[in-house]
Structures are given as structure tokens and as C-alpha cells.
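Here is the structure we will look at.
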Amino acid sequence: MPDISMTTVVVLCLAALAAGWIDAVVGGGGLLLLPALLLGLPGGTPAAHALGTNKAVAIVGTTGAAVTYVRKTPVDVPTAVRIGLAALAGSMGGAFFAAGMSTDVLKPVIMVVLVAVGAFVILRPAFGTAPSAEPASPKRVLAAIGLAGLGIGFYDGLIGPGTGTFLVLALTAVLHLDLVAASATAKIVNCCTNAGALAMFTWQGAVLWQLAALMAAFNLAGGMFGAHTALKKGSGFVRVVLLVTVFGLVAKMAYEQWVA
């Protein structure tokens with residue numbers, strides 16, 4: 001494990017707990033977890049190590065949330081697995097190209113993407129409030145495999161933060177799911193993207209396993225609690241959490257980028 005203070009370890013574990021809850025409710029826990037790792041790890045630590053450790057932590061909480069959702073709400077598991085397999089391939093490709101990326105590139109890209117997500121949700125207030133009465137057609141499933149699987153999977157391996165949120169948005173738009181069902185499906189897909197990216201980062205030796213193990217326990221607790229919260233509160237609550245998460249993190253990262 002890198003030479004970091006106990007205070008920093010505690011802060012990172014608390015960030016993992018909060019990220020697990022956010023990721024289970026609406027996706028995007030990496031928008032909190034990855035910046036925390038980028039700031040908490042010693043200066044000079046390669047960006048790939050933050051990305052790889054993030055994946056090792058996130059896959060535990062995401063899996064816990066996925067199991068909770070599948071046990072408590074109807075989920076089209078076969079469709080989710082098909083999208084997830086495409087996402088696994090996409091994430092491995094993205095992780096392969098992420099090895100040489102610097103942290104200076106990550107933060108502005110994440111901020112732009114966050115603003116776009118927030119604007120979309122605000123301009124579409126009815127988005128994800130009610131599911132379609134008809135099952136998804138083969139064309140829509142194929143489109144979901146391409147967009148949510150290969151496309152967002154590649155993004156997850158390359159950068160990562162916001163993947164769960166983008167999956168929820170894509171699955172809601174393409175498959176006409178409500179936000180709770182989309183969150184449940186996204187967790188299964190996200191397990192696959194995390195697995196693909198983690199396999200590549202492990203092969204590259206870019207995972208800080210001791211730190212990841214500590215943070216993963218907190219992420220798991222947050223993920224399981226978040227899934228229960230989303231199932232109890234419904235789509236309206238998920239939408240509010242989405243907007244608060246997006247704009248809070250935009251403000252935080254903008255401050256760090258241009259003011260601090």
C-alpha cells in the first residue's frame with residue numbers, strides 16, 4: 001500500500017461508503033470515489049493506479065447492489081447479461097488505452113460530461129418516471145447492447161466515473177424503463193464493465209490491493225443500503241439524488257481545478 005496517512009485512509013473509506021450508496025441509487029459513485037483517490041494518493045502516483053484501485057473497490061459494491069435488486073424487483077436478467085457481456089469487452093478495450101492517461105486529462109472531461117447529464121435530466125422532467133407497457137423490441141435491445149454495452153463499457157474502462165449514471169440514462173431512454181428498473185439493470189451491466197476493466201488493470205499491475213480491500217468493505221455496505229433505499233423511495237427520489245450528485249460534484253471539481 002502507498003505511504004499515506006491513517007486520516008487519509010479513513011477519508012477514502014468513508015468516500016467508498018458514500019460512493020456505494022450513490023452508485024446503487026442512481027449510478028455514478030465513481031464520480032466521488034475516483035476524485036477521492038486522485039486527491040488522496042501520494043503525488044506522482046500514476047493515474048492508472050487510481051483507476052485500477054477504483055475498479056477493485058467498485059466491483060464489490062456494485063455486485064452487492066445488483067444481488068439486492070435482483071432479489072427485490074423484477075429485472076430482465078438475460079437482456080442485462082447480453083448488454084453486460086458487450087460492456088465487458090468494451091471496458092477491457094478502454095482500460096487498455098487508459099494506461100498512459102494523465103490525471104490532468106481526467107478532471108475536465110468528467111466535468112463536461114457531468115454538466116451534459118444534469119442538463120438532460122432537468123430538460124426532461126418526465127424522464128424515467130414510468131416504464132413502457134410493452135416489452136423491448138429486438139431492435140431496441142440491440143441498440144442497448146451497442147450504446148450501453150460497447151460504448152459506455154469502453155468509457156468505463158477508459159475513464160470510469162459516471163458509468164452507472166450513463167447506463168441508467170441509456171437504459172431508460174433505449175429500453176423505456178423507469179429509473180428504478182434501469183438502476184437495477186445497470187448494476188448487472190456495471191458488474192461486467194468493472195470486471196473487464198479490473199482484469200486489464202490487474203494484468204498491468206495497476207491495482208493497490210491492500211487499500212482496495214479496506215475501501216471495498218465500506219463500498220459493499222453502501223451499495224446494499226443504497227439499493228434498499230432506491231427500491232423503497234422510487235423513481236422520483238432517484239431523480240433528485242441524480243441531480244444533487246451531478247451538480248454537487250461539478251461544483252467540487254470546478255473549485256479544485258480553477259480555484260484551489
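The values are calculated or read from the model by the stated rules, or taken from the named source; none is laboratory data. None of the values given here were measured: they were computed from a predicted structure. Here the Cβ positions follow ideal geometry from the backbone for every residue, glycine too, while neighbour counts run over all protein chains shown. Quick note on the areas: whole protein, heavy atoms, side chains included, nothing else; ligands and nucleic acids left out. Shrake-Rupley method; radii C 1.70, N 1.55, O 1.52, S 1.80 Å.
What residues from segment 54-78 fall in the zone where the backbone N is under 18 Å from a label point 7 Å along the Cα-to-C-beta line of F237? Only 65-74 pass the distance filter. Size descriptors for segment 1-116 (Cα atoms only): Rg and Dmax, in that order, 15.6, 46 Å.
Once both labels are positioned 7 Å from their Cα atoms along Cα-to-Cβ, the gap between W209 and T8 label points is 2.2 nm.
Heavy atoms of the protein chains alone define the surface here; on that basis the chain has 42 Å² accessible area per residue at 1.4 Å probe size. For the residues P42, P138, P108, a GNM of the chain with alpha-carbon springs under 10 Å puts the largest fluctuation on P138. Here segment 127-260 has 72 percent of its accessible surface on carbon and sulfur atoms, given a 1.4 Å probe and all protein chains in place. Cross-link reach is defined here as a Cα-Cα straight distance under 20 Å, omitting same-chain residues fewer than 8 places apart; for K187 the lysines meeting it are K55, K72, K232, K233.
The mean of 1/r over all distinct Cα pairs in segment 148-260, once inverted, gives the Kirkwood hydrodynamic radius of 15.7 Å. Result for the chain in a Gaussian network model with C-alpha springs under 10 Å: among A197, A143, A98, the largest mean-square fluctuation is at A143. Stretched out straight at 0.36 nm per residue, the stretch from T73 to T229 would grow longer than its current Cα-Cα span by 54.9 nm.
Computed over Cα pairs, the Kirkwood radius of the chain leads via Stokes-Einstein (1.567 mPa s, 4 °C) to a diffusion coefficient of 73 µm² per second.
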